[in-house]
Amino acid sequence: MLPRELIKKIRKIEIYTSRLVNDQLAGAYHSVFKGRGMAFSEVREYQPGDDIRLIDWNVTARMNDAYVKLFVEEREMTVMLLVDMSGSGRFGSRKQRKQELAAEMAALLAFSAIKNNDRVGLIVFTDRVEKFIPPKKGKKHVLRVIEEILTFRPRSRRTDLRVGLEFLGRVARRQSIAFLISDFVAEGYERALKIANRRHDLVPVVVADPLEEGLPRLGLVYLEDAETGDICVFDSSGPEAREYQRLVRRARDEREALFRKLKIDFINARTDQPYLGALVSFFQARWRRLRH
């Protein structure tokens, strides 16, 4: 049985994200994530203004009157959530840790998906795939996905984005919408990202904390690497602090340049800012791009 506090947390996420989906995001999601094509629905009598290319000549010949075919969007899609559970996600200097932010983002995207009758699956990974939940529909399934993210205890603390992306290629044979939720504190994933983006509609969701971008001037501090456990003494007031900030900015710029080069739309989410704004900006930018 789940602890009472966890049940309350899942319920809070459900209520909050469901409200956001219903009020602001469901239509945007439907607009920017299209189905696989058009499926035949029915025929009806020809009306002035109908496209003559849609005339069903077999039915027309039998009925001695013109009939046209009607099509509807083949809406059902599969949404895969790839969630990085490595040790660096446990960090957070504001109201929540990066993993908690990742769980809320995943919940919001999952509820948007089931609102549009799509299936949702989950891949939890570190430097190995630690959990796979096959795609299904329904609110009960989505709540299981959220619970899994919030309660999961990974065996490894390290990160390898390639592992999650390559596993996606093995379990999702048909094109899916794939949200890669990670802080992207990783290297060597460029080729795997490129391959996954060719096969799927890949959307990186970058979760970050402001303290990672620059430490306050506190003098000498002890820092622990969340993925290796290594501890070092760091001068947060000296030149190495400025060099650290420069490296963080360069890594961010190179990552975003890679996304733009591959024509990948991405979402930046931070623990010190409401994530709704980041999602709305993403949907607006993607809609503008799809229109041109």
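A short reminder: the numbers here are calculations on the coordinates, not readings from a lab. Computed from a predicted structure; not experimentally measured. Ideal geometry is used to build each Cβ from the backbone, glycine not excepted, and the neighbour counts take in all protein chains shown.
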Return one number: the angle in degrees, 0 to 90 and rounded to the nearest 10, between the long axis of the Cα atoms of helix 239-261 and the longest principal axis of the Cα atoms of the chain. 10
Please order MET63, MET105, MET80 by the number of other Cβ within 10 Å, starting at the fewest. MET63, MET105, MET80
Roughly what angle does helix 4-20 make with the longest principal axis of the chain, taking Cα atoms, 0 to 90 degrees, to the nearest 10? 50
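Based on the Cα coordinates of the chain, what is the per residue volume of their convex hull in Å³?
165
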In the chain, once you exclude exposed trypsin sites (Lys or Arg not before Pro) (DSSP loop, at most 16 other Cβ within 10 angstrom), what's the longest stretch remaining? 218-262
Quick one: of the DSSP bridges fully inside the range 126-237, what percent are antiparallel, nearest 5? 45
Taking other Cβ within 10 Å of each residue's Cβ, how do VAL142, VAL280 sort, fewest first? VAL280, VAL142
What does DSSP give for the chain in terms of the percent of beta bridges that are antiparallel, rounded to the nearest 5? 45
Helix 161-171 sits at what angle to the longest principal axis of the chain, using alpha carbons and giving 0 to 90 degrees rounded to 10? 30
Within 11 Å, Cβ to Cβ, of ALA269, how many net charges do the neighbouring residues add up to if Lys/Arg are +1 and Asp/Glu are -1? -2
Most exposed first by the Cβ proxy, i.e. fewest other Cβ within 10 Å, how do GLU256, GLU224 rank? GLU224, GLU256
Computed over the Cα atoms of the range 56-126, the Rg and Dmax in Å are 22.9, 73
Could you check which residue among THR78, THR228, THR60 shows the biggest mean-square fluctuation in a GNM of the chain with a 10 Å Cα cutoff? THR60
